[in-house]
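No value in this document is a laboratory result; all are computed from the given coordinates. Values in this document were obtained by computation on a predicted structure and should not be read as measured data. Quick reminder, even Gly has a Cβ in these numbers, built from the backbone with ideal geometry, and neighbours come from all protein chains shown.
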Amino acid sequence: MATRGADLRELIDRWLQPGDVGRVHVARFGRTPAGRVRFVLIEISRSGGTVGLYFFRQPDRTWGIAPPLPPRPAMRLAEAGEGAFGDTDIAKFV
């Protein structure tokens, strides 16, 4: 089953079985406290009870059922010059 889609309504339709749905409504929306990621809680009322599905806005502006991964730390190379260690600078610390 697809877990991401550009249109939230289209993604909800993919997750719900036609004819099996009672009442569908937005129960809550906002941003997560920690990552400030947009979310929407959809509640579906069925004969067996109420079910909730959370959808999260992804960095590429699509919606998904899992929150986006936080940015990971990355290393980058410093170019030789000001602020970078050259061969002569390292010799001072050895």
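Length gained on full extension, E43 to L16: 8.6 nm, using 0.36 nm per residue less the C-alpha separation.
Placing unit charges on the Cβ atoms only, positive for Lys and Arg and negative for Asp and Glu, gives region 4-64 a dipole magnitude near 300 debye about its Cα centre.
At full extension, F29 and D60 could sit 9.3 nm farther apart than now, given 0.36 nm per residue minus the alpha carbon distance.
Can you classify region 4-64 as rounded, prolate or oblate using the Cα gyration tensor, where a ≥ b ≥ c are the square roots of its eigenvalues, rounded means a/c under 1.5, and otherwise it's prolate if a/b beats b/c and oblate if not? Because a/c hits 1.5 or more and a/b fails to exceed b/c, region 4-64 counts as oblate. Note that region 52-67 has calculated 3J(HN,Hα) couplings of x, 10, 8, 10, 10, 6, 8, x, 8, 6, 9, 10, x, 8, 10, x Hz, one per residue in order, obtained from phi through the Karplus relation 6.51 cos²θ - 1.76 cosθ + 1.60 (θ = phi - 60°); glycine and proline are x. The trypsin sites (Lys or Arg not before Pro) of region 7-59 that DSSP puts in a loop, and whose beta carbon has at most 12 other beta carbons within 10 Å, are R36.
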